[in-house]
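Every number in this text was worked out from the coordinates using simple rules, so none of it is lab data. These numbers come from a predicted model, not from an experiment. Methodologically, a virtual Cβ is constructed for each residue, glycine included, from the backbone with ideal geometry; neighbour enumeration extends over all protein chains shown.
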Amino acid sequence: MLSEALLRKIKRRGSGSNLPMAMRYRTLKETSKESVGVYRSHIHGRGLFCNRDIEAGEMVIEYAGELIRSTLTDKRERYYDSRGIGCYMFKIDEHFVVDATMRGNAARFINHSCEPNCYSKVVDILGHKHIIIFALRRIVQGEELTYDYKFPFEDVKIPCSCGSKKCRKYLN
């Protein structure tokens, strides 16, 4: 449960979309660990859930991990596959990827949904790019956080188990 002091801090410091991105990011860094938690998910294994109500447009969590060059992603994926380790990588741009597999935070547990309640966006904060998960709509306490992975189309299909009414049946 979130303390009253933390809830007051969130409201006072704000997370509103009218504030500068750097200020919103600072508030996110101070509050995200208490605002979300990893629990069992009906979508897939474990998922990320909100521990408090989250407003539309609010920063929810940063997708954090090791920043690597894009040229290393295939090598890393092969390494993880050969050891049976799930791979959690998120592309920032053509040159860099965040690898959350070994050094990531709770954001790597956000499951895919074809009808998500969050979206991801690469934002520049004081000259550094960050992957931030934002609330697409108001999300109530206890609800699982999801976003559309937007995997590229490939011949080998990855089945989707989101269960939404608008499910596309595949992640790619």
Fill in: Qualifying residue in the range 73-87 (condition: surrounded by 15 or more Cβ atoms within 10 Å (Cβ to Cβ), without any contact (Cβ under 8 Å) to a residue 40 or more places away in the chain, among the β-branched types (Val, Ile, Thr) and assigned to a strand (DSSP E or B))
no
Fill in: Candidate set from the range 26-58 (those that are hydrophobic (A, V, I, L, M, F, W, C), more than 16 Å from ARG108 (Cβ to Cβ) and out of contact with any helix residue (DSSP H, G or I) (no Cβ under 8 Å at 6 or more places or on another chain)); member that is surrounded by the most Cβ atoms within 10 Å (Cβ to Cβ)
LEU28
Discussion item. If I ask for residues that are assigned to a loop (DSSP other than H, G, I, E, B) and of a type in the set (Val, Ile, Thr), which ones from the range 109-166 would you list?
Written reply: ILE110, VAL140, VAL156, ILE158
